[in-house]
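All remarks here apply to the structure that follows.
The values are calculated or read from the model by the stated rules, or taken from the named source; none is laboratory data. These numbers come from a predicted model, not from an experiment. FYI the Cβ positions are ideal-geometry reconstructions off the backbone, even for glycines, and counts take in every protein chain you see. Just so you know, the surface numbers come from the protein's heavy atoms only, side chains and all, with ligands and any DNA or RNA stripped out. Shrake-Rupley method; radii C 1.70, N 1.55, O 1.52, S 1.80 Å.
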Amino acid sequence: MTQSVSDSNPALCEAIALRIAQSPQHRITFAEYMDLVLYHPQYGYYNTHATKLGKQGDFFTSPHLGTDFGELLAEQFLQIWEILEKPVPFTLLEMGAGQGILALDILNYLEGCYPDFLAALSYVIIERSPSLIQEQQQRLQKYHNHIQWQTLEEIPVNSIVGCCFSNELVDALPVHQIVIENGQLREIYVTTQTASTSHATFTEVVGELSTARIIEYFDLNKIALPSPTYPEGYHSEVNLAALDWLKMVAARLQRGYLLTIDYGYSANRYYNPIRQGTLQCYYRHHRHNNPYLYIGQQDITAHVDFTALQAWGELCGLTTVGSTQQGLFLMALGLGNRIAALSTSPQQSLEKLLQRRDSLHQLIDPMGLGGFNVLVQSKDAIADTQLKGLSLPLI
């Protein structure tokens, strides 16, 4: 797979080419390439295209469909606060807060419905993108006395009592790409086709594994790869960054819960021999699988391996509370009641009612957002108290 230079950010391409030129063997792992493309402090996608998120941009997430997603999450956070016996402060740690829309929906809802909970709340946002932080701070000015922006490294170990959560964060963490070549597990690297860094085109080369952690990852998942089951040329991804992230979060959580909402599979489905990877790119709501197009102008993601998150979480001291689909999770928290109430909504135009109904149904569509996984893990929480979101919804 080779880059087409048109419609890419030339400054970012030059920065990547320079990194390759300075690297041993003049190549970098795909994980390093993806990290530069998405998170380069000056030219990365999330720093230069913060305003391209949403229905008018390259992709949209659940909070872009209205306030319901955040409000129902707030109901779950309220129950968690109660389960933990209403600690003050109760830390709500959002990792990867995007444009701050979800945070605003949660805080507005708590202000209107549960002011006592809001008064106890310390809302912490973890965000890598300086431009997104700026947008979040502007959007959330009203609640600045409740919010602080930190890095995970800045948060003391064993200090959080509350709930950590993310929505579509882990899928955007940089992944290594692996391939079976001559029956051996190998890694895909990115290199340049020319010596010039100012007019570089990128291509892939195959080499030895960059780290033994990739072998350990498959051992963690109990996946025998390579094996005769997998065909020559089989390729997929390994998200070591997700394990690093989870270890850091688990170390900082003293007592409470971790909610991870994202699209993905169990390891057996993820590494099914007939599935050739999950890497996908989003450009103006068009999806394709070439990460060397529109460099710095498009999002790059890979599905989440939820088996690895559960297994690694347990090694990091987390207990798996349960998992479900987003649609079921939201229905259990009251989305069904909101859909039913549409028929009795007074003084709303038919157009607005239909738009709202469509948004609510998109949140639970099993072929779309409703099919996302919700993984709940905990540390030192009351084990016999069932979370509302994991109960069977009334349909």
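In table form, for the structure just shown:
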read-out	value
Extension gain, residue 386 back to residue 266 (0.36 nm per residue minus Cα-Cα distance, nm)	40.9 nm
Coordinate range along principal axes, alpha carbons of the range 80-159, Å, largest first	36, 32, 18
Gain in span if fully extended, residue 144 to residue 341, counting 0.36 nm per residue against the direct Cα distance	67.6 nm
Calculated FRET value between residue 354 and residue 219, using beta carbons and R₀ = 45 Å, to 0.05	0.30
Computed over the chain: relative contact order in percent, which uses C-alpha pairs under 8 Å that are six or more apart	22 percent
Accessible carbon and sulfur surface of the range 60-185 relative to its total accessible area, %, 1.4 Å	47 percent
Where only alpha carbons of the chain are counted, the Rg and the Dmax (Å)	21.7, 67
Extended-chain gain in nm, criterion 0.36 nm per residue less alpha-carbon gap, residue 229 and residue 255	5.1 nm
Taking N as its residue count, the alpha carbon Rg of the range 252-395 over 2.2 N^0.38 Å	1.29
Rg to Rh quotient for the range 258-331, alpha carbon positions, Kirkwood Rh	1.05
Calculated log₁₀ intensity ratio I(q)/I(0) where the Debye formula runs over C-alpha points of the range 174-230, q = 0.23, 0.31 Å⁻¹	-0.93, -1.29
Per residue solvent-accessible surface (Å²) - the range 324-395, probe of 1.4 Å	58 Å²
Degrees between helix 101-113 axis and first principal axis of the chain (Cα, 0 to 90, nearest 10)	10 degrees
Two-decimal Rg/Rh across the range 100-203, once Rg and the Kirkwood Rh are taken from alpha-carbon atoms	1.18
Kirkwood Rh and Cα Rg combined as Rg/Rh, the range 143-246	1.11
Nearest-0.05 FRET efficiency for residue 134 and residue 289, computed from C-beta distance (R0 51 Å)	0.95
Distribution of pairwise C-alpha distances over the range 291-354, 5 Å bins, in %	3, 11, 12, 10, 11, 11, 12, 13, 10, 5, 1
Kirkwood hydrodynamic radius over Cα pairs of the range 321-373, then Stokes diffusion coefficient at 20 °C and 1.002 mPa s, in µm²/s	183 µm²/s
Net charge of Cβ neighbours under 11 Å - reference residue 147; Lys, Arg +1; Asp, Glu -1	+1
Which of 161, 205 is most accessible, then next, and so on - probe 1.4 Å	205, 161
Fraction of antiparallel bridges per DSSP, the range 263-395 only, in percent to nearest 5	85 percent
Point-to-point label distance, residue 211-residue 314, nm (Cα→Cβ direction, 7 Å offset)	2.3 nm
Pairs of Lys in the chain closer than 21 Å at Cα, counting only those 8 or more apart or on different chains	6
Unit Cα scatterers, Debye sum, the range 22-177: log10 I(q)/I(0) for q = 0.11, 0.14, 0.16, 0.20 Å⁻¹	-0.48, -0.74, -0.93, -1.32
